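Read the structure below first, then the notes.
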Amino acid sequence: MPHPERCVVGHPFNPPHLVPLVEVVGGDKTGPEAIERALAFYTAIGKQPIHIRREVPGHVANRLQAALWREALHLVAEGVASVADIDTAISAGPGLRWALMGPHLTFHLAGGGGGIDHFLDQFAAPMADWWETLGKPMLTSELQERLTAGVAAETAGRSIAELAAWRDLFLVDLLALKAGRK
């Protein structure tokens, strides 16, 4: 490559025409100017770029998503909750807060007047204990069948196109709401 200092990756999040996240990562030889130009470009076209400072498989958002899904699969595999109940646990629980702020600011608020310091004093040890019990599910054919059946029940016959249209309309409304409340 004649100019490795200019090489960057812009990794959008699906559906990219609606979701503003773009992860920007450079290579070992990428210059800081190229990163800044990419971040400025994505910001100028209405995206919300983040700078990934070191390349990792799956970038950042997909890794976070995979970590949550891994535990969701574990909970289904262990019979703790159904596919639909786990989806509801996220979409009617932390997912609502996560639409506004990430886990760090969410937990900062959870600490009350003491913020993140109080949260860590109160909850760091119990959470670390939970981490020890997080699952490492095997994606067996039986688990795949349970997931397929659970998703089929949850979708109640709605097609992929119907679900995508419903999601996209909601995302448009959510993004407009967020833009008006900044």
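Residue count for the range 126-182 under the criterion of being of a type in the set (A, V, I, L, M), closer than 26 Å to Glu71 by Cα and open to solvent by 70 Å² or more (accessible area, probe 1.4 Å): the result is 7. Among the strands (runs of 3 or more DSSP E) confined to the range 1-59, the ones with at least 2 residues that are closer than 18 Å to Lys178 by Cβ are located at 21-26, 48-52.
Here the range 47-100 is the region considered, the condition is being out of contact with any helix residue (DSSP H, G or I) (no Cβ under 9 Å at 6 or more places or on another chain) and at positive phi, and the residue that is least open to solvent (accessible area, probe 1.4 Å) is His59. The test for being touching a residue at least 24 places away in the same chain (Cβ under 8 Å), touching a Gly at 6+ places or on another chain (Cβ under 8 Å) and closer than 29 Å to Ile90 by Cβ holds for Val24.
Here is the figure for the range 42-72: residues that are farther than 19 Å from Trp98 by Cβ, in contact with a Pro (Cβ under 8 Å, 6 or more places away or on another chain) and in contact (Cβ under 8 Å) with a residue 24 or more places away in the chain total 2.
The values are calculated or read from the model by the stated rules, or taken from the named source; none is laboratory data. Everything quoted here is computed from the prediction, not taken from an experiment. Cβ atoms come from the backbone with ideal geometry, glycine included; neighbour counts cover every protein chain shown. Areas reflect the complete protein model, heavy atoms only, side chains present, ligands, DNA and RNA absent. Shrake-Rupley method; radii C 1.70, N 1.55, O 1.52, S 1.80 Å.
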